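Read through the structure below, which is laid out as structure tokens, and then see the notes.
Bear in mind that the values in this text are calculations on the coordinates, not laboratory data. As the structure is a prediction and not an experimental result, all values here were calculated from the model. Backbone-built Cβ (ideal geometry, glycine too); neighbour counts: all protein chains shown.
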Amino acid sequence: MPERLLLAMEKGCLAHPEDRRVLIRVTVEAMQAHCKNPNKAACTEVARGIVCKYPGTFADKTGEGEQLGCGYYSLFRQLKTRVEHVNRENVSHRIRQPRKRSSDDSSGDDAAIKRSRTDVDSYGCKKWQPTDLPQGETAESLEDKRKILVNIFKSEGPTAVETMDVEKNMEFTYIYQRHMINTWPPPSLCEVQEQWPFLFTKRGLCSHFCMLTDIDIDTRLHEAFLTKGRRIVNFFLNQRLKWNQGIQALLREMEHESTNNQQPTSTKMSVEQEMTLPTTPRVIMLGRVDDIEVRGLRLKVKWSPF
């Protein structure tokens with residue numbers, strides 16, 4: 001190892017790019033002594049070990065010293081890229097042998113595919129496929145609750161997700177929701193939306209995610225914005241001069257449309273309950289006004305009795 005790199009590792013200082021590349025080459029050579037084509041898992045484990053031992057030298061950090069993501073992603077990418085580069089002309093090392101499967105057993109293939117999909121998709125989940133029904137519930141009672149939810153959505157619209165009855169029924173039918181989502185072959189989004197329309201609202205989806213992973217995504221995003229939001233805002237502010245005319249026009253259009261409070265999924269009942277119409281007369285129009293296309297209902301024309 002270069003003397004400069006050893007000194008940086010000892011002091012916990014950031015490694016010089018040239019020294020970092022030397023470390024990558026030496027590490028990959030040592031890994032290939034055991035396996036000619038180390039896979040992603042092996043490279044990840046090595047990168048994690050290096051960063052854990054020397055975080056100040058190799059961890060991914062911002063200019064303020066805050067860790068980015070897992071902290072070892074860039075080191076992992078360098079290791080994996082080096083492995084692919086070394087094996088670029090050795091086809092036997094680059095191509096992995098496929099797993100052997102019985103060609104005449106189609107059901108076995110489907111089961112293997114489903115198992116593989118489940119292993120990947122269920123990673124990090126606490127309640128991927130619950131098996132115990134809620135106390136006092138049966139399959140028939142859960143189906144009845146699902147139909148009630150569909151009827152509520154049709155009559156009251158997506159805003160009904162805020163009511164206590166909908167919240168309780170969505171919680172009771174969670175096992176039923178997972179059963180449909182995890183079926184093989186998987187259902188289409190249209191089928192899921194038809195059976196569980198409240199899953200396509202913010203609150204319904206966040207509640208389902210919380211039960212699935214035991215993570216309150218709203219709280220987690222709020223905490224992330226508190227620590228990283230200012231950096232994101234500053235980045236876009238610095239890019240303002242680089243935006244072309246098309247992007248600026250699009251942003252102006254988005255800002256203009258934000259004044260339209262009409263929701264595409266609103267129903268007659270939800271609009272009457274949520275919006276307070278003014279006491280003075282108004283004309284509600286749908287169309288083009290002053291060469292500006294109106295995509296929803298908007299209060300535009302003033303009225304005077306004189």
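Here the Karplus relation 6.51 cos²θ - 1.76 cosθ + 1.60, evaluated at θ = phi - 60°, turns the backbone of segment 80-88 into coupling constants of 5, 5, 5, 4, 5, 5, 5, 8, 4 Hz, with x for every Gly and Pro.
Once Rh is set to the Kirkwood radius over Cα pairs, what Stokes-Einstein translational diffusion coefficient, in µm²/s, holds for segment 139-213 at a temperature of 25 °C and a viscosity of 0.890 mPa s?
Values: Rh = 12.4 Å.
Diffusion coefficient, whole number: 198 µm²/s.
Using θ = phi - 60° in the Karplus curve 6.51 cos²θ - 1.76 cosθ + 1.60, the 3J(HN,Hα) couplings for segment 127-138 round to 10, 5, 9, x, 10, 8, 5, x, 4, x, 10, 10 Hz; x is entered for Gly and Pro. Based on every Cα atom in segment 3-94, Rg and the maximum pairwise Cα distance Dmax equal 13.7, 45 Å.
Modelled spin labels at Glu167 and Cys125, positioned 7 Å past Cα toward Cβ, are 2.5 nm from each other. Here the 3J(HN,Hα) profile of segment 160-165, calculated from phi with Karplus coefficients 6.51, -1.76 and 1.60 at θ = phi - 60°, is 5, 4, 7, 6, 5, 4 Hz, Gly and Pro shown as x.
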